[in-house]
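A.B. asks: Let me begin by handing over the structure; questions about it come next.
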Amino acid sequence: MASDTPNIDIEPVGVVIVAAGRGERAGSGPLPKQYRKVGGKPILRRTVDAFLSIEQVGTIVIVIHPDDRHLFDDAMEGIADRVSAVDGAASRQGSVLAGLQALRQAPPGKVLIHDAARPFVDPDLVLRTISAIGERQAALPSVPVSDTLKKGSETGLIVETVARENLFAAQTPQGFPFWPIHAAHLKAQRAGRMDFTDDAAIAEWANIPVKLVQGSPENIKLTWEKDIELADRRLSPSIQFPDVRTGNGYDVHSFEAGDHVWLGGVEIPHNKKLSGHSDADVALHALTDALLATCSEGDIGTHFPPSDPQWRGAASRIFVEHAARVVRDNGGRISNADITLICEAPKIGPHREAMTAAVAHMLGIEQHRVSVKATTNERLGFIGREEGIAAIATATVIYPGELPE
């Protein structure tokens, strides 16, 4: 499936949003689920707003239940002139046909059909779908199935495990050339076929090719009560807490004969060097552990075992850059890095700016988000005797989601 959003023309695309259901699976609340609020706004309004923000979208027809006219009017306050409503039918399939019939007065070349209960659809997904629609080709946003699939029997026992290769979960909006999908819906109605679960299935039945396009894990359908509760938490600033995590790292290396030390990614002339399997940059080793700690990915020895000869003499920036990639692969955004060096010598002050610049470059963040400082051990212990250097590092990373309750 294509992943890049292509350039497409500005020909207006019609949209049918299906909002006539009762939403029984979402609980027995006072309102149908499409009119329940998440983040202070009705679900249907959020869905409509998502399409109104897209330049290529023309006429929007919303198919509603006849009993919901007052709810619809309230939800569309301020944008009523930009949408129209038609009454739906007893089934989703019948409601879609009603929406398509409403578009016949000024038929678009392409039409999108979308579930009202998918308020997190994003413009890139919509544009990918529009671009994939052809004169005789439909477009279906989808995501690969990641769960293991089991086929069960009537007795509740597993019959077999279903291979998930080439299996996809369908999403909406599903895109079609207008007249072919309109004709397919009419044909299905006349044939008494009202058992299709989505519009792509009707297209397949009518021999309209359907092209898969990249969907989005964020484009969830709010089906159950819990889905709506989670969506409300996601969109309600008053109860949402960012998942900010802090990791700490500590490292120490002893001195040996030499003429320089590596600290914070900077080579500093000195009458000794630090002993270690790599370049023994104690500051970067501590920072590597701090980064990995924010996503429970072990420590530097887990990823770069000292017993592995390939790391002999290696530049420690490799370790930090790897840890930063691990953080980002887990969805994290590095907010701050703080390193404290504990040593009697060499003097850190003259090299502090070079260190902060080097670390910022390794992490891919602004230099003002990096702090490097130093202190002595007041001539106490092995550090006070100038037998080695220690470092403490703290990393702050923001991850997606929110704090657990």
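A.B. asks: I need the per residue convex hull volume for the chain, using only the alpha carbons, in cubic angstrom as a whole number.
C.D. replies: Dividing the Cα hull volume of the chain by its residues yields 218 Å³.
A.B. asks: Moving to a separate point now. Test of the criteria: in the range 247-339, which trypsin sites (Lys or Arg not before Pro) are in a DSSP loop and have at most 11 other Cβ atoms within 10 angstrom of their Cβ?
C.D. replies: When the trypsin sites (Lys or Arg not before Pro) of the range 247-339 are filtered for loop state and at most 11 Cβ neighbours within 10 Å, ARG312 remain.
A.B. asks: Return the single residue from LEU235, LEU274, LEU222 with maximal mean-square fluctuation; model: Gaussian network over the chain, springs between Cα atoms under 10 Å.
C.D. replies: LEU274
A.B. asks: Considering only GLN93, HIS361, VAL266, whose Cα is most displaced toward the positive end of the charge dipole of the chain, charges sitting on Cβ of Lys, Arg (+1) and Asp, Glu (-1)?
C.D. replies: GLN93
A.B. asks: Residue by residue, what Karplus-based ³J(HN,Hα) values in Hz, rounded to whole numbers, does the range 334-346 have, using 6.51, -1.76 and 1.60 with θ = phi - 60° and x for Gly and Pro?
C.D. replies: 6, 9, 7, 9, 10, 10, 10, 9, 10, 7, 8, 7, x
A.B. asks: Now for a separate question. As an exercise, take the mean of 1/r over every pair of distinct alpha carbons in the range 242-402, invert it, and state the Kirkwood radius in angstroms.
C.D. replies: For the range 242-402, the Kirkwood estimate is 15.7 Å.
A.B. asks: If we count every other residue with Cβ under 13 angstrom of PHE120's Cβ, Lys/Arg +1 and Asp/Glu -1, where does the sum land?
C.D. replies: -2
A.B. asks: Could I ask something else about it? In a Gaussian network model over the chain where Cα atoms closer than 10 Å are linked, find which of GLY265, GLY21, GLY175 has the largest mean-square fluctuation.
C.D. replies: Of the options given, GLY265 has the highest mean-square fluctuation.
A.B. asks: Can you list residues whose amide H is under 5 Å from ASP281's amide H, if they're 5+ apart or on another chain and H is modeled 1.01 Å from N?
C.D. replies: SER316
A.B. asks: Return an integer: the convex hull volume of the alpha-carbon atoms of the range 13-235, in Å³ per residue.
C.D. replies: 145
A.B. asks: Taking amide H atoms as placed 1.01 Å from N in the peptide plane, list the residues 5 or more away in sequence, or in a different chain, whose amide H sits under 5 Å from that of PHE168.
C.D. replies: Amide H to amide H, under 5 Å and 5 or more residues apart or across chains, PHE168 pairs with VAL145.
A.B. asks: Could you give the Stokes-Einstein D for the range 294-387 in µm² per second, using the C-alpha Kirkwood radius, 37 °C, 0.692 mPa s?
C.D. replies: 215
A.B. asks: Going through the range 335-405, which trypsin sites (Lys or Arg not before Pro) have at most 14 other Cβ atoms within 10 Å and a DSSP loop state?
C.D. replies: Sparse-neighbourhood loop trypsin sites (Lys or Arg not before Pro): LYS347, ARG379, ARG385.
A.B. asks: Could you tell me how many degrees, from 0 to 90 and to the nearest 10, lie between the Cα long axis of helix 317-329 and the main elongation axis, the longest principal axis, of the Cα atoms of the chain?
C.D. replies: For helix 317-329, the angle is close to 20 degrees.
A.B. asks: Then there's this: Evaluate the charge dipole of the chain about its Cα centre and quote only its size in Debye, nearest 20, assuming +1 on the Cβ of each Lys and Arg and -1 on the Cβ of each Asp and Glu.
C.D. replies: 880
A.B. asks: Counting other beta carbons within 10 Å of each Cβ, put ASP329, ASP122, ASP338 in order, fewest first.
C.D. replies: Lowest to highest Cβ neighbour count: ASP329, ASP122, ASP338.
A.B. asks: Could you pull out the GluC sites (Glu not before Pro) across the range 94-201 that fall in loop regions by DSSP (anything but H, G, I, E, B) with no more than 14 other Cβ atoms inside 10 Å?
C.D. replies: For GluC sites (Glu not before Pro) across the range 94-201 that sit outside H, G, I, E and B with at most 14 neighbouring Cβ atoms in 10 Å, the list reads GLU135, GLU154, GLU165.
A.B. asks: Against the longest principal axis of the chain, how steep is helix 225-235, in degrees 0 to 90 to the nearest 10, with axes from Cα atoms?
C.D. replies: The answer is roughly 50 degrees.
A.B. asks: Pull up all non-local amide H partners of PHE120: gap of 5 or more, or a different chain, and H-to-H distance under 5 Å with H placed in the peptide plane.
C.D. replies: Those lying under 5 Å, H to H, from PHE120 are ILE220.
A.B. asks: Where does the charge balance sit around SER142 when Lys and Arg score +1, Asp and Glu -1, over other residues with C-beta under 12 Å from its C-beta?
C.D. replies: Once all neighbours under 12 Å are counted, the net charge is +1.
A.B. asks: Using the alpha-carbon centroid of each, what span in Å lies between the range 160-192 and the range 290-322?
C.D. replies: 49
A.B. asks: Within the set of other residues whose C-beta is less than 15 Å from the C-beta of ALA85, count the net charge using Lys and Arg as +1 and Asp and Glu as -1.
C.D. replies: Every neighbour counted, the sum reads -4.
Throughout, read-outs are computed from the coordinates displayed, never taken from laboratory work. These numbers were taken from a predicted model, which means no experiment stands behind them. Cβ atoms come from the backbone with ideal geometry, glycine included; neighbour counts cover every protein chain shown.
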